[in-house]
Amino acid sequence: MKQNTRSALPQRLLPCLMALTFAAICGMTLAANTGDHGLDFSGIDRSIAPGDDFFRYANGNWLARTEIPADRSSWGTGAELSELTVKRTDELIRAADSSAAAGSEARKIGDYYASSMDAARIEQLTLTPLAPLLKKINAISDRTGLARALGATLRADVDILNNTNLYTPNVFGLWVAQDLSDPTHYSPFIVQGGLGMPDRDYYLSPSQKMADIRSQYQAHIATVLSLAHISGANDKAKGIFELERRIAEAHVSRAESEEVLKGNNHWSAADFPQRAPGLDWPGFFGASGLGQQREFVVWQPGAVSGISALAASVSLATWKDYLRFHLIDSMSGYLPRAFLTEQFAFQQRVLSGTPEQQPRWKRAVEETNDALGEAVGKLYVAKYFPPEEKARAEAMVHNLVAAFATRIDRLDWMAPETRAKAKAKLLTLKVGVGYPNRWRDYSGLEVVRGDAFGNARRAQLFNYHRNLEKLGRAVDRDEWAMDPQLVSAVNLPALNAINFPAAILQPPFFDPQRDPVMDYGSIGAIIGHEISHSFDNEGALFDASGKLQNWWTKDDFAHFEAAGQRLVAQFDAYHPFPDISVNGRQTLSENIADVAGLADSFDGWQLSLQGGAAPSVAGFSAQQLFFLSFGQTWRRKMREPALRRQVVTDGHAPAEYRADTVRNLDAWYEAFKPLPGQKLYLAPPERVRVW
Ligand SMILES: [Zn+2]
């Protein structure tokens, strides 16, 4: 349930989550566009009627004058803020280098970054770092060996409910989190994976666009194998692609993967060979360090069975080719330049339309963040998140929770017993602002200067083992799902908690030098969005303790679902391309959170006035400023392939439709007076009200 502005790493294909993902969203620079604090008034296109296209009314001039930077697949408010944050983080990391004590966090950060930056050293090592790993694959001689090799690829690289990252290139991904049926302990969740492209649709869709991408992907596989001096690359690429296509056939769709009631399947270790025959499961779990684990949650049972069957039916030789390719492809960033260039050519240029590779320092910052996120975050908040801003943000969250409680009180359709349970859940919501109360311990992570490849492998394994160690321990409600230097926000449904990282709590989302109405329209709506995730179509299935348990009366839930269905229809009607519409079901939880969050923030702003006067600025009333600020928060320009990719793989609707959420709020009609017949106009009974 996340909102995220960091661009996807090529090797991770990070989707934008159940949090407010800006990965799929926004962008705006104050210095460049507004000249001062407030809104970008020059970015408004007054020739467009707000009632016809609110997104282009709020952002039309900005869209016309803005070029997406060459190393980006999209640009907008969140991206600009991410760019600034990456620059600041880079300065902090460089300053952490040099003579810090061996084993200290500062030294690890400095050495990790320096190793990623040392292109000459990486070039000089050629394929040496791969050699021992390829040797192990070469030595696979039977199905047990295959199962062990597949088990050794398991990493803690997915997140079903928080960051909603459902993608892993390994055959399966692992998420360790509170058990949904008994949130007092952790469970290992097994998630489908194994595709080199972002989603099953890329393999199975009949559209010509996707068919073209498939040919390019097969060529990419062959190129990677050739670069690694593996003979017969074209034939092998064909076999690997065909195996992935069959894995894709076993996969469950993105929309279905979001349904928690379908995902919460408890299997014992003994169930695997029975329910998913084919793969040697004791071999797989033994090699993944889960040999002693008795209970699992299998999120997509059909996919697990399907992939397991392929482990027995597809030839060992093809599986070995597959393992070689995935190993090399996933480590391209730490191999000589030719690999990096090829990875960029497919993952970024073909799949996202990005013309140019990121400069090395940006990648090095991302890699260091991935490995040592909270250690870097500690430096970031010390410099860029003053206690006054933390206090101001906490006060705002407090105010929005109070406004949400009042909204619950006012829901005339809801039975008193459901209302009491909703209130209880709201009151136990654990809010984290800026950074965690307790920082992660990196003392067990070994960083070797000059070994970028080894550092990356060790960091992945360190993170994996840290997650395995949670199994059997008491649940830690203080753990954060995001680093403080990430421009994003997240709801953690099973913890009944929300995190607002420091990096999103800054201009233009949150700015002490302008009237608060504009903060409410921007960060306020984001905070409201995250609070609302606790009550969206998925979040509402969890009780105050984080247990997956229906606390609704039958009638109330039916009413709530009917409102959701209307929102599904509203988003299904948006067509970013003639051949693709937004998937209203896939994006429902985010859209509910947008509608409810915006309404909550509007109420919170009114509450904050305490009867005082509302300002007008540049000829706009306070109410208009609130909605304009919201519309500019979602300003975003995307390259065509990236937009297609978002529509297929993301739980968030494209930004422009998120900006148009305003059409469901009566207050927007009072502010902008749209007329019946205009494209966004909804008659009062058609406006979707949830919470
Ligand atoms: Zn969200």
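Some points to look at:
- The listed residue being outside any loop (DSSP other than H, G, I, E, B), in contact (Cβ under 8 Å) with a residue 40 or more places away in the chain, open to solvent by less than 10 Å² (accessible area, probe 1.4 Å) and more than 16 Å from the ligand (Cβ to nearest atom), out of 491, 455, 499: 455
- Selected residue (only one of 489, 502, 459 is small (Gly, Ala, Ser) and more than 30 Å from residue 614 (Cβ to Cβ)): 459
- Residues in region 136-165 that are crowded, with 23+ Cβ neighbours inside 10 Å and over 21 Å from residue 466 (Cβ atoms): 3 in all.
- Scanning region 107-140 for residues that are farther than 16 Å from residue 455 by Cβ and touching a helix residue (DSSP H, G or I) at 6+ places or on another chain (Cβ under 9 Å) yields a total of 8.
- The one condition in (1) open to solvent by less than 10 Å² (accessible area, probe 1.4 Å); (2) at pLDDT 95 or above that residue 306 fails to fulfil: (1)
- Put simply, of 339, 346, 296 the only residue that is outside any helix (DSSP H, G or I) and either without any contact (Cβ under 8 Å) to a residue 40 or more places away in the chain or of a type in the set (Phe, Trp, Tyr) (or both) is 296.
- Hits in region 99-117 - residues which are surrounded by fewer than 15 Cβ atoms within 10 Å (Cβ to Cβ) and either without any contact (Cβ under 8 Å) to a residue 24 or more places away in the chain or not small (Gly, Ala, Ser) (or both): 99, 101, 102, 104
- Hey, residue 679 open to solvent by 40 Å² or more (accessible area, probe 1.4 Å), in a loop (DSSP other than H, G, I, E, B) and within 29 Å of residue 74 (Cα to Cα) or not: yes
- Filter pass, residue 511 being away from the ligand (no atom under 15 Å from the Cβ), buried (at least 24 other Cβ atoms within 10 Å of the Cβ) and at pLDDT 95 or above: no
- Qualifying residue in region 588-599 (condition: over 20 Å from residue 686 (Cβ atoms), of a type outside the set (Phe, Trp, Tyr) and open to solvent by 10 Å² or more (accessible area, probe 1.4 Å)): no
Here is a yes/no grid of residues against (1) at pLDDT 95 or above; (2) more than 16 Å from the ligand (Cβ to nearest atom); (3) open to solvent by 10 Å² or more (accessible area, probe 1.4 Å); (4) in a strand (DSSP E or B):
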{"residue": "400", "(1), (2), (3), (4)": "yes, no, no, no"}
{"residue": "405", "(1), (2), (3), (4)": "yes, yes, yes, no"}
{"residue": "433", "(1), (2), (3), (4)": "yes, yes, no, yes"}
{"residue": "436", "(1), (2), (3), (4)": "yes, yes, no, no"}
{"residue": "441", "(1), (2), (3), (4)": "yes, yes, yes, no"}
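- Looking only at region 661-676, residues that are assigned to a loop (DSSP other than H, G, I, E, B) and open to solvent by less than 60 Å² (accessible area, probe 1.4 Å) come to 2 in all.
- Note on region 259-281: residues that are more than 29 Å from residue 549 (Cβ to Cβ) and surrounded by fewer than 16 Cβ atoms within 10 Å (Cβ to Cβ) total 2.
- Screening residue 450 against (1) open to solvent by 10 Å² or more (accessible area, probe 1.4 Å); (2) under 30 Å from residue 597 (Cβ atoms); (3) assigned to a loop (DSSP other than H, G, I, E, B) leaves a single unmet condition, (2).
- Residue among 41, 54, 22 that is buried (at least 20 other Cβ atoms within 10 Å of the Cβ), at pLDDT 95 or above and among the aromatic types (Phe, Trp, Tyr): 54
- Hey, residue 356 assigned to a loop (DSSP other than H, G, I, E, B) and more than 22 Å from the chain's Cα centre (by Cα) or not: yes
- Of the helices (runs of 4 or more DSSP H) lying entirely inside region 177-258, those containing at least 2 residues that are among the hydrophobic types (A, V, I, L, M, F, W, C) and open to solvent by 30 Å² or more (accessible area, probe 1.4 Å) are 208-227.
- If you go through region 647-659 and keep only what is open to solvent by less than 10 Å² (accessible area, probe 1.4 Å) and either closer than 13 Å to residue 599 by Cα or part of a helix (DSSP H, G or I) (or both), you end up with 655, 658, 659.
- Taken over region 83-103, the criterion of being hydroxyl-bearing (Ser, Thr, Tyr) and at pLDDT 95 or above is satisfied by 85, 89.
- All of 563, 540 fail the test of being within 16 Å of the ligand (Cβ to nearest atom) and in contact (Cβ under 8 Å) with a residue 12 or more places away in the chain, apart from 540.
- Checked against the criteria, residue 558 does not count as surrounded by fewer than 21 Cβ atoms within 10 Å (Cβ to Cβ), in a helix (DSSP H, G or I), more than 15 Å from the ligand (Cβ to nearest atom) and modelled with pLDDT of 95 or more.
The values are calculated or read from the model by the stated rules, or taken from the named source; none is laboratory data. As the structure is a prediction and not an experimental result, all values here were calculated from the model. Backbone-built Cβ (ideal geometry, glycine too); neighbour counts: all protein chains shown. These accessible areas exclude ligands, DNA and RNA; they are computed on the full protein's heavy atoms, side chains included. Shrake-Rupley method; radii C 1.70, N 1.55, O 1.52, S 1.80 Å.
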